[in-house]
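The values are calculated or read from the model by the stated rules, or taken from the named source; none is laboratory data. Just so we're clear, the structure is a prediction, and the values are computed from it rather than from any experiment. Virtual Cβ from ideal backbone geometry, glycine too; neighbours counted across all protein chains shown. Side chains are part of the model used for accessible areas, which takes the heavy atoms of the whole protein and leaves out ligands, DNA and RNA. Shrake-Rupley method; radii C 1.70, N 1.55, O 1.52, S 1.80 Å.
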Amino acid sequence: MEEKPKSPHILIFPLPCQSHVNSMLKLAEIFGLAGLKVTFLNSKHNHERLIRYTDIHDRFLQYSEFQFKTISDGLPADHPRAGDRLMEIFDSLSLNTRPLLKQMLIDTSPPVSCIIGDACMEFVVDVATELEIPVIHFRAISACSFWAYFSIPEMIQAGELPMKAYDEDMDRLITKVPGMETFLRFRDLPSFCRVSDVTDRDLQVLKNVTQQSPRTHALILNTFEDLEEPILSHIRTKCPKVYTIGPLHLQLKTRLASNVISSSSQKSLNSLWEVDRSCIEWLGKQPVRSVLYVSFGSITLLKREQLIEFWHGLVDSKQRFLWVIRPDSVIGEGDAPAELVEGTKERGHLVSWVPQEEVLAHQAVAGFLTHSGWNSTLESIVAGVPMICWPYFADQQINSRFVSEVWNLGLDMKDVCDRNVVEKMVNDLMVERKEEFMRAADRMATMARTTANEGGPSYCNLDRLIDDIKMMSS
Ligand code: UDX
């Protein structure tokens, strides 16, 4: 009798940061829907927060071949795990988590047949190679950001990195990122490139992790061909097998909707904080397309004076706004200063954490002041909401340049935090150029829906990825 092909056992392991967990958990659920055996490996710290703030446990019970496992990130329980401590997270994972991962893979039964590892964790490829387990990289950023990181060696070689003296010309054009020669300025590079010494540790770490991807069986990107095709063709000269499967949150919705057995609520899985749903009731009282939604993601930190500048600009714009001020996101203050809360009553609504996909889809929302994190950018594109981009760090600088210069989906407020600029840009987006941006956003949202719907390119790419993984395991 012909031997039954072994069914794959996939280990999915995200960098223990909110939005990396978000995206890879959505991919894991899609694999669960496809009946694949999946082990989702989350840090103990983040798993406990997901259990506390989402319905993740009940939601995944229905996938008989699905299990959660946890692993220590090696950090103290009270470590803030915020954006400015990213390298401490990387270091702890490499030192403390790496040996635990190796032992877990040795002990796991049935054995893992394929690892989908976060491409930010360099050690995963090394451990997998040692144990002869194939690895597929998942990079939680845009193709344009990935390609800029990948081109760091060429920029160094050509002397375009590091920064010159203190009076660096931030607007000088960068010529060594193929496909971006006509519009990429030094200030648009990932923030880790803003160093005066090429041996800078952050720069080296981001360069090295990105150079690992050609060593893997394939690279998964949460993007879509219509959005980033020109850059994707450059990436494919280095990583031949790239699966574009985004927008992932839309693909998951599409597949859940067509899956009769799934009783999954559409409740957001994005929350490592308690969601305050009062914002939905507040939005319900606002005129259609009248509100600017403001949020800077899960790890951005704001100085108090920056917060005050944004607040004055928003109030002076006379536009309505819904502003997420995440707990502990204000350096030195923790939460929103009291006078802000008081003075905002008239046209604004402050909140600590919202169901963002639901907010962006709300008819009252007409704009998004964002830090240009990749999940937020994709969610805004899917919702057809134009953006004002105020990038904080990492890949956000490139994303904001593409939103304004390449996709015409909004405005780039990079490197500026001034109440007059905030007021002007809010009015440009919400009044002066509203129709122009809305039209472009509608067109891109239609392309995003088409690609994620059954039969669309991203949908078919994900089916091909599943077939590829099954082949790897047989
Ligand atoms: C991090 C990096 O900062 C970002 O640059 C990179 O692209 C991905 O990893 P993060 O800063 O958290 O991501 O931003 P983003 O990618 O936008 O993810 C934030 C997530 O939190 C989104 O999925 C968003 O829906 C969710 N969110 C945000 C909420 O659910 N509620 C909120 O109130 C705010």
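Conditions (1) open to solvent by 20 Å² or more (accessible area, probe 1.4 Å); (2) in contact with a helix residue (DSSP H, G or I) (Cβ under 7 Å, 6 or more places away or on another chain), marked per residue:
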| residue | (1), (2) |
| --- | --- |
| 63 | no, yes |
| 68 | yes, yes |
| 80 | yes, no |
| 85 | yes, no |
| 110 | yes, no |
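Mind telling me which of the residues 354, 294, 315 ends up being closer than 22 Å to residue 385 by Cβ, modelled with pLDDT of 90 or more and assigned to a helix (DSSP H, G or I)? Reasoning before the result, please.
Values: 354 fails: assigned to a helix (DSSP H, G or I); 294 fails: assigned to a helix (DSSP H, G or I).
It is 315.
Name the residues in the range 125-159 that are assigned to a loop (DSSP other than H, G, I, E, B) and within 16 Å of the ligand (Cβ to nearest atom), would you?
So the first thing to find is which residues in the range 125-159 are assigned to a loop (DSSP other than H, G, I, E, B), and the list is 131-134, 140-142, 151, 158-159.
Result: 140, 141, 142.
Residues that are open to solvent by 10 Å² or more (accessible area, probe 1.4 Å), of a type in the set (D, E, K, R) and away from the ligand (no atom under 16 Å from the Cβ): which helices (runs of 4 or more DSSP H) entirely in the range 371-429 hold 1 or more of them? So that I can check it myself, show each step before the final result.
On the way: elements: 374-383, 396-401, 419-427.
Fully inside the range 371-429 and qualifying: 419-427.
Considering the range 296-308 alone, what residues qualify as being within 16 Å of residue 421 (Cβ to Cβ) and open to solvent by 40 Å² or more (accessible area, probe 1.4 Å)?
305
Quick check, is residue 283 touching a Leu at 6+ places or on another chain (Cβ under 8 Å) and not basic (Lys, Arg)? Please lay out each step first, then the result.
Numbers: touching a Leu at 6+ places or on another chain (Cβ under 8 Å): yes; not basic (Lys, Arg): yes.
Spelling it out, residue 283 is indeed touching a Leu at 6+ places or on another chain (Cβ under 8 Å) and not basic (Lys, Arg).
Taking the range 160-211, which residues are closer than 24 Å to residue 86 by Cα and in a loop (DSSP other than H, G, I, E, B)?
Here is the first cut: in the range 160-211, the ones closer than 24 Å to residue 86 by Cα are 161-163, 186-211.
Across the range 160-211, the qualifying residues are 161, 162, 163, 189, 190, 194, 195, 196, 197, 198, 199, 200.
Open to solvent by 20 Å² or more (accessible area, probe 1.4 Å) and either free of Cβ contacts under 8 Å to residues at least 60 places away in the same chain or touching a strand residue (DSSP E or B) at 6+ places or on another chain (Cβ under 8 Å) (or both): which single residue out of 92, 23, 7 fits that description?
On the way: 92 fails: open to solvent by 20 Å² or more (accessible area, probe 1.4 Å); 23 fails: open to solvent by 20 Å² or more (accessible area, probe 1.4 Å).
Criteria check complete, one pass: 7.
If I filter the range 75-97 for residues that are in a loop (DSSP other than H, G, I, E, B) and on the phi > 0 side of the Ramachandran plot, do I get at least one hit?
If we filter the range 75-97 for residues that are in a loop (DSSP other than H, G, I, E, B), which is where we start, we get 75-82.
This time we only want the ones that are on the phi > 0 side of the Ramachandran plot, so: 81.
There is at least one residue in the range 75-97 that is in a loop (DSSP other than H, G, I, E, B) and on the phi > 0 side of the Ramachandran plot.
One line per residue, one yes/no per condition, for (1) away from the ligand (no atom under 16 Å from the Cβ); (2) under 22 Å from residue 141 (Cβ atoms); (3) surrounded by fewer than 19 Cβ atoms within 10 Å (Cβ to Cβ); (4) in contact (Cβ under 8 Å) with a residue 24 or more places away in the chain:
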site	(1), (2), (3), (4)
313	yes, no, no, yes
316	yes, no, yes, yes
319	yes, no, no, yes
345	yes, no, yes, no
353	no, no, no, yes
363	yes, no, yes, yes
368	no, yes, no, yes
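Restricting to the range 98-116, name every residue that is in contact (Cβ under 8 Å) with a residue 12 or more places away in the chain and in a loop (DSSP other than H, G, I, E, B).
Restricting attention to the range 98-116, the residues satisfying the condition of being in contact (Cβ under 8 Å) with a residue 12 or more places away in the chain are 98, 100-102, 104-106, 108, 110-116.
Listed by number, the residues that qualify are 108, 110, 111, 112, 113.
Of the numbered conditions (1) open to solvent by 10 Å² or more (accessible area, probe 1.4 Å); (2) aliphatic (A, V, I, L, M); (3) in contact with a Ser or Thr (Cβ under 6 Å, 6 or more places away or on another chain), residue 133 satisfies every one except a single condition; which is it?
In the conditions (1) open to solvent by 10 Å² or more (accessible area, probe 1.4 Å); (2) aliphatic (A, V, I, L, M); (3) in contact with a Ser or Thr (Cβ under 6 Å, 6 or more places away or on another chain), residue 133 misses (3) alone.
If we keep just the residues of the range 282-291 that are out of contact with any strand residue (DSSP E or B) (no Cβ under 6 Å at 6 or more places or on another chain) and assigned to a loop (DSSP other than H, G, I, E, B), which is least open to solvent (accessible area, probe 1.4 Å)?
Ranking the candidates gives 287 first.
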